[in-house]
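Asker: Take a look at the following structure, please.
The values are calculated or read from the model by the stated rules, or taken from the named source; none is laboratory data. Please read all numbers here as calculations on a predicted model, not as lab measurements. Don't worry about glycine lacking a Cβ; one is built from the backbone with ideal geometry, like all the others, and counts go over all protein chains shown. In case anyone asks, the SASA skips ligands and DNA or RNA and just uses the protein heavy atoms, side chains included. Shrake-Rupley method; radii C 1.70, N 1.55, O 1.52, S 1.80 Å.
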Amino acid sequence: MKNKLMLLLILLSLGCSSPEQPNTITISLTNNKMSLRFSGLDRGVIGEVSRDTIGKGWQGLVPVYRMPADTDMKNYQPEQPGKYQSVDSAVVFTPDTPFTAGQTYFVRWYRFESGKKASNYLRGGKRLGQTQFTDLIFKQ
């Protein structure tokens, strides 16, 4: 009887947990093609990072880089300088120098929320101290 009750409690606790909702961000050029618009970010994150008085918060979360000719050198590229602004439920990046026509750029989206469960480490999918990211490529 105790085993059945324990099994029922375990099944209920597993069934009640909600699946993890990953952030899905999209990048688009603004109408004047001078800026990038990041949408799909969590509103709470936008609010917290927008309060950063130094203004370097967004550069740490969604830095923009110029794609090198040798793509193996992507990790060694300097960040594209520019300004980030939160507009409505999106973030707009305007570079200091305009994007070059025909040049490929990429945005490195750091997924800080992934891998926070101990089970991910136990399964071997994530490693401690390793930050997961996705490179989102776009061409001007």
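Asker: Hey, does segment 36-53 have a residue that's hydroxyl-bearing (Ser, Thr, Tyr) and at pLDDT 85 or above?
Answerer: Yes, that holds for at least one residue.
Asker: When the residues of segment 27-62 are narrowed to those that are assigned to a loop (DSSP other than H, G, I, E, B) and of a type in the set (Asp, Glu), which ends up least open to solvent (accessible area, probe 1.4 Å)?
Answerer: Here the answer is 52.
Asker: Would you check which residues across segment 63-105 are assigned to a strand (DSSP E or B) and of a type in the set (Asp, Glu) and list them?
Answerer: 79, the sole residue that qualifies.
Asker: Also, I was wondering about something else. Is there a residue being exposed (fewer than 10 other Cβ atoms within 10 Å of the Cβ) and at pLDDT 85 or above anywhere in segment 99-106?
Answerer: Within segment 99-106, one or more residues are exposed (fewer than 10 other Cβ atoms within 10 Å of the Cβ) and at pLDDT 85 or above.
Asker: Can you find even one residue in segment 64-71 that is open to solvent by less than 30 Å² (accessible area, probe 1.4 Å), at pLDDT 90 or above, farther than 13 Å from residue 109 by Cα and in contact with a Pro (Cβ under 9 Å, 6 or more places away or on another chain)?
Answerer: So far as segment 64-71 goes, no, none of its residues is open to solvent by less than 30 Å² (accessible area, probe 1.4 Å), at pLDDT 90 or above, farther than 13 Å from residue 109 by Cα and in contact with a Pro (Cβ under 9 Å, 6 or more places away or on another chain).
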